[in-house]
Amino acid sequence: LDRTQDVARERELHEVADRANRGDLHARMSLDGKSGRELDLARSINSMLEASQFVIGETMDVFSCMARGDLSKRVKRDYEGAFAKLKADANETVTHFIRVLASLNAAVRPVKAAATEIAEGNLNLNRRTEQQAASLERTTMSMRTLADTVKRNADNAQRANELVRVAREEAEVGGRVVRDAVTAMSAIRASS
């Protein structure tokens, strides 16, 4: 028997199956020259590959959109069996992801508000600290001026004490002179 045509068809079937196993779902069985059960088998394989290509393609589109931040895409075609489960799981994944993002967003809002409040508080504290530093600098300058004034007053008080001491000594000398003069005048009067 000449098995050339059978071998070629087997080779075609293996090639299509190998490509599908490697993720290439675009390969199809040729329908040319086939009839009867062989044609039905080729059509069934092509139909299976086409269904797989559609569900996987739609699912990949959903996840590609998710990766880009677009959460509006869903698997829309109707499928059966494992393909229906894949569709449901992909669509539920997107819905769950949206719920997670919503709850994260709700959780982040108070944190963001608190962070904003803390930042404003820090700015306010910074302004008050700068004002306190400026006030402290002015107080330091005033204290220096006061210390200089106190030192000058102490120096002046010391000089005043010295002048008072000198004046007292001179007053004592003047008092003795006056006493001596009074004594002398009394003696003159008594002599006169």
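The values are calculated or read from the model by the stated rules, or taken from the named source; none is laboratory data. Keep in mind the model is a prediction, meaning the values are calculated, not measured. Neighbour counts are summed over all protein chains in view; Cβ atoms, including those assigned to glycine, are modelled from backbone coordinates with ideal geometry. Note: areas computed on protein heavy atoms with side chains; ligands, DNA, RNA excluded. Shrake-Rupley method; radii C 1.70, N 1.55, O 1.52, S 1.80 Å.
Here are a few things to note about the model shown:
- The chain - Rg over Rh from alpha carbon coordinates, Kirkwood radius: 1.95
- In a reduced charge model with +1 at each Lys and Arg Cβ and -1 at each Asp and Glu Cβ, segment 1-103 shows a dipole moment near 380 debye about its Cα centre.
- Across segment 104-187, Cα-Cα distances exceeding 23 Å account for 67% of all pairs.
- What a 1.4 Å probe finds exposed on the chain is 58% carbon and sulfur by accessible area, rounded to a whole percent.
- Averaged over its residues, the chain has an accessible area of 79 Å² per residue, based on protein heavy atoms and a 1.4 Å probe.
- Value at 222 nm in deg cm²/dmol, rounded to 500, when DSSP H runs of n ≥ 4 in the chain each add -39,500 (n - 2.57): -31500 deg cm²/dmol
- Partner aspartates and glutamates for LYS112 [C-alpha distance under 15 Å; skip if fewer than 8 residues away on the same chain]: GLU120
- Among LYS151, LYS87, LYS34, the largest mean-square fluctuation in a Gaussian network model of the chain (Cα springs under 10 Å) belongs to LYS151.
- Most mobile of ASN122, ASN156, ASN46 in a GNM of the chain (Cα contacts under 10 Å): ASN156
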